[in-house]
1. Pick out the one residue from 20, 37 that is within 26 Å of residue 249 (Cα to Cα), at pLDDT 95 or above and either among the acidic types (Asp, Glu) or part of a helix (DSSP H, G or I) (or both).
2. Are any of the residues in the range 226-245 of a type in the set (Ser, Thr, Tyr), surrounded by 18 or more Cβ atoms within 10 Å (Cβ to Cβ) and within 30 Å of residue 327 (Cβ to Cβ)?
3. Which count do you get for residues in the range 314-335 that are touching a Leu at 6+ places or on another chain (Cβ under 6 Å) and farther than 23 Å from residue 401 by Cβ?
4. Which residue, of 326, 279, 316, is among the charged types (D, E, K, R) and modelled with pLDDT of 95 or more?
5. Please determine, by comparing only the residues of the range 40-60 that are free of Cβ contacts under 8 Å to residues at least 40 places away in the same chain and outside any loop (DSSP other than H, G, I, E, B), which one is surrounded by the most Cβ atoms within 10 Å (Cβ to Cβ).
6. Quick check on the range 374-391: of everything there that is without any contact (Cβ under 8 Å) to a residue 60 or more places away in the chain and not basic (Lys, Arg), which residue is farthest from residue 282 (Cα to Cα)?
7. Give just the number: which of (1) of a type in the set (D, E, K, R); (2) surrounded by 13 or more Cβ atoms within 10 Å (Cβ to Cβ); (3) out of contact with any strand residue (DSSP E or B) (no Cβ under 7 Å at 6 or more places or on another chain) does residue 120 not satisfy?
8. Going through 213, 240, 224 one at a time, which residue ends up being hydrophobic (A, V, I, L, M, F, W, C) and within 14 Å of residue 445 (Cα to Cα)?
Amino acid sequence: MAEIQPFRAIHYDTSRVAARDVLTQPYDKITTSMQDRYYSLSPYNLIAVEKGRVFPSDQGEDSVYARAARKLQEWMAAKILVEDSSPAIYIYSQEFVVPEARTRQVRTGFIALVRLEDYESGVIFRHEYTLSGPKADRIELLRHTRVQTGQLFLLYDDPTHQIEAALEPAAARHPAVELEDEFGVGHRLWPLTDTNLVHRIQKAMLERKLVIADGHHRYETALAYRNECRSERSHRDRLAASEFAMATFINARSKGITILATHRLVSRLTEFSFDTLRRKLTPFFDWYSYPFASSEERAAAYDEFRRDFAKLKENRRTIGAYPASRTPGVGAFCLFVLKRGIDLADVLPQLSENQRGLDVVLLHRLILEQGLGITAEAIRGEKNVSYEREMDRALAAVDRGDAQIAFLVHPVAVEQVIAMALGGEVLPQKSTDFYPKLLSGLTLYRVEGHIND
């Protein structure tokens, strides 16, 4: 069963600082330029904790982690950061425009604590593997600060939307926090302290299984830290703060669930020929070309390509391609469409039915591995493959000469993510991009003592 608990969140006092000046994107989405910008906004910006600057001289009490811990202590002493007096769960709403589609969506969930469970317990499920580097960084930060600054993003399944309905009255009030981030996403937060309503939500969540949408590294860091704390105690303390992690819970049936495609860029191949690739893929794919020989023809070809790319996905498995051209201004957009009647169980017998149902798996196994000879190890090491979320930026990388070919895919459906996770399977690297991200610093959770001490 999924156990959630209210908690006394630590948060910025918005009468002292503006939320937009101190909150950040999650640590793994912060570029160097974003880091510089956050530092310039306010001396209290969470960047000094979430992803502080690292210096060659860092060591001991003058490491990035020690500085982060001191910042938190200083800000709490100065009442820049304050702690709520009563336990609560926190309704969290995000309003955003879906990139490229340009449609407006609202995604509403709630922030609470979740009891940490080993994957084997069958309560919380992952859909991707993690890397040792980010986990080593995050646990060192947690050891020093003993505070979680970012939230896990957990999906639950509620076909009747009863939990969302229970949150609606409270979300009709004026929010405690409201801001628009640098990507134009509106964020609103309401504390919910009604104990009867909190108990109703806790009871409703007991029967749910949870899937990690975002935050796999943070979750496994929290597990590791929990185990460290357990080893230091003489007995099991179920209400120890380290037994829980802070998370945002979103209904997988919510209309605001948005997963963006992550396109692939291929580069640094010693020998690359699109014609050779096309011939190798003939047993698996039909091929369509949208050629152009001028800027006007390119615009028309691109429009036709995008229409067919979107239309064909309704009943055919389709992957786009844009190879580099030796002649500037001349080229072609291409579509690889899985042949009708092909039995993927025969072609990819080592994969499960769920795996074979993913377009990104077809791209990796049939096109990248068999067509281009790029091994799974090379893909994991990003030796020949890099990633781009926006289609136009992927095409521009090819035009600049930064990539030999771009492969364009449709986003994975949330139903596919859940089916894979509950089946104990993981998706290929960079298969999902849940949008928008959850802001760090809206609520902070102290992993010391007992919950709600």
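The values are calculated or read from the model by the stated rules, or taken from the named source; none is laboratory data. Note that the coordinates shown come from a computational prediction; the quantities given were computed from them, not determined experimentally. Cβ placement follows ideal geometry from the backbone for every residue including glycine, while neighbour counts extend to all protein chains displayed.
1. After applying the criteria, what remains is 20.
2. There is no residue in the range 226-245 that is of a type in the set (Ser, Thr, Tyr), surrounded by 18 or more Cβ atoms within 10 Å (Cβ to Cβ) and within 30 Å of residue 327 (Cβ to Cβ).
3. The first filter runs over the range 314-335 and keeps only residues touching a Leu at 6+ places or on another chain (Cβ under 6 Å), leaving 317-320, 322.
When the remaining residues are screened for being farther than 23 Å from residue 401 by Cβ, the result is 317-318.
Total meeting the criteria: 2.
4. So the residue among 326, 279, 316 that is among the charged types (D, E, K, R) and modelled with pLDDT of 95 or more is 279.
5. Per the stated criteria, the residue is 47.
6. Once the filter is applied, the top-ranked residue is 381.
7. Checking residue 120 against (1) of a type in the set (D, E, K, R); (2) surrounded by 13 or more Cβ atoms within 10 Å (Cβ to Cβ); (3) out of contact with any strand residue (DSSP E or B) (no Cβ under 7 Å at 6 or more places or on another chain), the one that fails is (2).
8. Numbers: 213 fails: within 14 Å of residue 445 (Cα to Cα); 224 fails: within 14 Å of residue 445 (Cα to Cα).
Of the residues listed, the single one that is hydrophobic (A, V, I, L, M, F, W, C) and within 14 Å of residue 445 (Cα to Cα) is 240.
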